Number of protein chains: 2
Amino acid sequence: MLRNKTSAKRRSGCPLNASVEMLGDRWSLLIIRDMMLQGFRSYKEFMQCYEGIATNILADRLRKLTEYGIIASEPDPSDGRKLIYFLTAKGIDLAPVLTEMVLWAAAHEDTGNQALVRQMREDKEKLLVGIRQRWAARHSLAT
Amino acid sequence: MLRNKTSAKRRSGCPLNASVEMLGDRWSLLIIRDMMLQGFRSYKEFMQCYEGIATNILADRLRKLTEYGIIASEPDPSDGRKLIYFLTAKGIDLAPVLTEMVLWAAAHEDTGNQALVRQMREDKEKLLVGIRQRWAARHSLAT
DNA sequence: AATTATTACTTGCAATTCGCAAGTGAAATG
DNA sequence: CATTTCACTTGCGAATTGCAAGTAATAATT
């Protein structure tokens, strides 16, 4: 049925368990990254970007991330078909996690986007402040 | 067949793709955490610790983490049946990623292990140095 | 106003992956 | 030498995923 079943299993252990439960799959972190850095906001943008993600899985991940309070959505006022997805404060707080993951991969694998990596290495804090500021500017109205 | 199929798909994009490919599942990060913080080294220790992990999945994850160069193993000199698993330098470099994930979850969920969380918040750098030092001490011989 | 297109999904089904129980082989223990 | 321990593998039913084909609501076009 592809829905959550509130398995109380790894609850209340090390905090990492909670993170892995929410983020430990092939797509969630990529969705969050692209909302944070690419400004993705709609189902269609995600769908076009990731070759390979199944439509039902994208819908399921967006639903779960919403349940976890990492993202939220509202109807697009200028187009009633669209939903606009955005990161919540909890979601934007994942910026340091993503940063460390990017730096780790860049240090140990051949990867692209050297510009971003260089920026992260040179001034991690400044980048994080920038991400937060851009987010806050967009969400000065919504919660 | 439960083995890798070198899908060259998300290769060479953002470095995060590489991280998610290696770590984006329900168990890998937990295995790494427990090697890093709990000193786990054998199949049996992992098996006993995680209720819910299937034996074949544990074997598969250990194999993949080895292929990725995040962990390595060697026969136990004092018991020929055992393999000793240990983190490589690449593996120990995941410490900042784990730290940020723990801090994020602790900030946004009810989680346990407050002692660790407090230590991380109070002096992240010192903790990371400590983890590295303990690791280096154990691996002064092996690569 | 009626037709077509777009958007965000759901549904159905085959294929893959996972969880669990039961092996297996090699080495240690008694 | 029999038994136990350890690190797995195998088999199988169940859950999850990928893909193709809908669907319902709104928007754009004719």
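The values are calculated or read from the model by the stated rules, or taken from the named source; none is laboratory data. A quick note: this is a predicted structure, and the numbers were derived from the prediction, not measured. Neighbour counts are summed over all protein chains in view; Cβ atoms, including those assigned to glycine, are modelled from backbone coordinates with ideal geometry. With ligands, DNA and RNA removed, areas are computed over all heavy atoms of the protein, side chains included. Shrake-Rupley method; radii C 1.70, N 1.55, O 1.52, S 1.80 Å.
Looking at A:Leu62, A:Leu30 in this structure, which one is closer than 23 Å to A:Met101 by Cβ and without any contact (Cβ under 8 Å) to a residue 24 or more places away in the chain?
Answer to the check: A:Leu30.
For the stretch B:39-46, does any single residue satisfy the condition of being of a type in the set (A, V, I, L, M, F, W, C) and either at pLDDT below 90 or open to solvent by 50 Å² or more (accessible area, probe 1.4 Å) (or both)?
no
Are any of the residues in the stretch A:96-117 away from every other protein chain (no Cβ under 14 Å), among the charged types (D, E, K, R) and either open to solvent by 70 Å² or more (accessible area, probe 1.4 Å) or within 30 Å of B:Gly69 (Cα to Cα) (or both)?
No, that holds for no residue.
Please go through the stretch A:21-72 and pick out each residue that is away from DNA strand C (no atom under 12 Å from the Cβ) and touching a Cys at 6+ places or on another chain (Cβ under 9 Å).
A:Leu30, A:Arg33, A:Asp34, A:Leu37, A:Gln38
If I filter the stretch B:79-95 for residues that are crowded, with 16+ Cβ neighbours inside 10 Å, over 30 Å from A:Leu116 (Cβ atoms), under 13 Å from the mean Cα position of the chain (by Cα) and not polar (S, T, N, Q), do I get at least one hit?
Checking the stretch B:79-95: at least one residue is crowded, with 16+ Cβ neighbours inside 10 Å, over 30 Å from A:Leu116 (Cβ atoms), under 13 Å from the mean Cα position of the chain (by Cα) and not polar (S, T, N, Q).
State which residue is most open to solvent (accessible area, probe 1.4 Å) when the search covers only the stretch B:14-38 and only residues that are within 13 Å of DNA strand D (Cβ to nearest atom) and facing chain A (nearest Cβ under 10 Å).
In this case the residue turns out to be B:Arg26.
Which condition breaks for B:Leu65 when tested against (1) touching a helix residue (DSSP H, G or I) at 6+ places or on another chain (Cβ under 9 Å); (2) surrounded by fewer than 16 Cβ atoms within 10 Å (Cβ to Cβ); (3) more than 10 Å from chain A (Cβ to nearest Cβ)?
(2)
Residues of the stretch A:39-58 being near DNA strand D (Cβ under 10 Å from one of its atoms) and touching a residue at least 12 places away in the same chain (Cβ under 8 Å), which ones?
Initially, the stretch A:39-58 is screened for residues near DNA strand D (Cβ under 10 Å from one of its atoms), giving A:50-58.
Residues satisfying the conditions are A:Tyr50, A:Ile53, A:Asn56, A:Ile57, A:Leu58.
Name the pairs whose Cβ atoms lie under 7 Å apart, with the first residue in the stretch A:72-88 and without any contact (Cβ under 8 Å) to a residue 40 or more places away in the chain, the second among the charged types (D, E, K, R), and 6 or more positions between them or separate chains?
A:Asp76/A:Lys82
Is the stretch A:50-70 home to any residue that is touching a His at 6+ places or on another chain (Cβ under 6 Å) and at pLDDT 95 or above?
Checking the stretch A:50-70: not a single residue is touching a His at 6+ places or on another chain (Cβ under 6 Å) and at pLDDT 95 or above.
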